[in-house]
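The values are calculated or read from the model by the stated rules, or taken from the named source; none is laboratory data. Because the structure is predicted, anything quoted here is derived from the model rather than measured. Quick reminder, even Gly has a Cβ in these numbers, built from the backbone with ideal geometry, and neighbours come from all protein chains shown. Surface accessibility is based on the protein's heavy atoms, side chains included, excluding ligands, DNA and RNA. Shrake-Rupley method; radii C 1.70, N 1.55, O 1.52, S 1.80 Å.
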Amino acid sequence: MRALSAYAKKQGVDGSEGYKTMRQEMERFVLRSLLADDIATKNVEVTDKEIEAAYAEHSATMVRDGKKVPLAMVKEQIRAALRNEKGAKAVDAYLVELKKKAKITVNDAVLPKV
């Protein structure tokens with residue numbers, strides 16, 4: 001990959017408009033991801049009661065070889081799933097609040113170029 005990158009630079013790809021546009025998009029993606037991770041992990045805790053409730057709710061699907069899988073075996077998987085779910089809700093709520101505060105204007109002349 002390093003050799004290919006060096007070759008691309010030698011060919012002038014890194015100065016092209018496509019490269020610059022892609023780099024900006026990747027930077028935006030990374031920033032959005034970091035912000036979402038930060039928001040999603042702040043104050044997102046999953047209690048044992050929530051895990052037990054999720055286990056009870058989905059116990060019909062937690063069967064292996066005809067036997068119910070013990071909670072102890074799937075507890076951390078359930079915790080991770082619930083944490084992800086709560087994190088996604090936290091990010092969604094944050095975005096709703098940002099949209100309420102935002103002052104968005106649409107420039108119809110520029111829009112077709114985007």
Sort out which residues of region 45-73 are surrounded by 12 or more Cβ atoms within 10 Å (Cβ to Cβ), in a helix (DSSP H, G or I) and under 26 Å from the mean Cα position of the chain (by Cα), and write them in order of number. E50, I51, E52, A53, A54, Y55
Sort through E76, E97 and tell me the only one that's free of Cβ contacts under 8 Å to residues at least 24 places away in the same chain, open to solvent by 90 Å² or more (accessible area, probe 1.4 Å), of a type in the set (D, E, K, R) and outside any loop (DSSP other than H, G, I, E, B). E76
Test: residue in region 26-44 that is surrounded by 10 or more Cβ atoms within 10 Å (Cβ to Cβ), more than 27 Å from K86 (Cβ to Cβ), within 28 Å of the chain's Cα centre (by Cα) and not hydrophobic (A, V, I, L, M, F, W, C): yes
Any pair with Cβ under 9 angstrom, 6 or more apart, that starts in region 8-25 at a residue that is modelled with pLDDT of 85 or more and ends at one that is small (G, A, S) and open to solvent by less than 50 Å² (accessible area, probe 1.4 Å): K9/G15; Y19/A8
